[in-house]
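The values are calculated or read from the model by the stated rules, or taken from the named source; none is laboratory data. The shown structure was predicted, so the numbers you read here are calculated from the model rather than taken from an experiment. Here the Cβ is made from the backbone with ideal geometry for all residues, glycine too, and neighbour counts use every protein chain on show.
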Amino acid sequence: MARMDKRDKASEIRISPNEFAWAAGAGPSVGTSLMREVETAVLKGDPSKPGLYTILLRIAPNTRIQPHSHGDDRIATVVSGTWYFGYGDTFDESALKELPPGSFYTEPPGVNHFGLTKEEVLIQMTGIG
């Protein structure tokens, strides 16, 4: 009797770093904070549509991201570089927490947050659009 493979192969994704499709900022691109210093690679899903998605953010050295919020709930892990991240309605360097590689943080819906880099930073972020 033949064995049936019931996997949904359309949802199976394996991507190595050289296959990431990076989209530069300075336009209406999800996850870029609308800045040219931030590039986004969508790994799974579509952040502009309902459902689970995962993106990578590559943030240039010496980038300052002003307070902003998102409508969806996001969780993130710092992959490389040191990310300085804070919550609040105004940019406040004293509120920044140093997050080295391996650190985890959240971006709750509607909560203003801001960030700063001193070196290139790579962040993996997952949310539900």
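If you scan region 1-44, which residues turn out to be modelled with pLDDT under 70 and either over 17 Å from the mean Cα position of the chain (by Cα) or over 21 Å from residue 117 (Cβ atoms) (or both)?
Within region 1-44, 1, 2, 3, 4, 5, 6, 7, 8, 9, 10, 28 meet the criteria.
Identify all residues within region 52-92 that are free of Cβ contacts under 8 Å to residues at least 60 places away in the same chain and among the charged types (D, E, K, R); write none if there are none. It would help to see each step written out before you state the result.
Taking region 52-92 and keeping what is free of Cβ contacts under 8 Å to residues at least 60 places away in the same chain, we get 61-92.
Once the filter is applied, which keeps residues that are free of Cβ contacts under 8 Å to residues at least 60 places away in the same chain and among the charged types (D, E, K, R), region 52-92 yields 64, 72, 73, 74, 89, 92.
Within region 53-79, which residues are within 20 Å of residue 118 (Cα to Cα) and surrounded by 15 or more Cβ atoms within 10 Å (Cβ to Cβ)?
56, 57, 58, 59, 60, 63, 65, 67, 76, 77, 78, 79
Given the criteria crowded, with 19+ Cβ neighbours inside 10 Å and farther than 25 Å from residue 14 by Cβ, does residue 40 qualify?
Spelling it out, it is not the case that residue 40 is crowded, with 19+ Cβ neighbours inside 10 Å and farther than 25 Å from residue 14 by Cβ.
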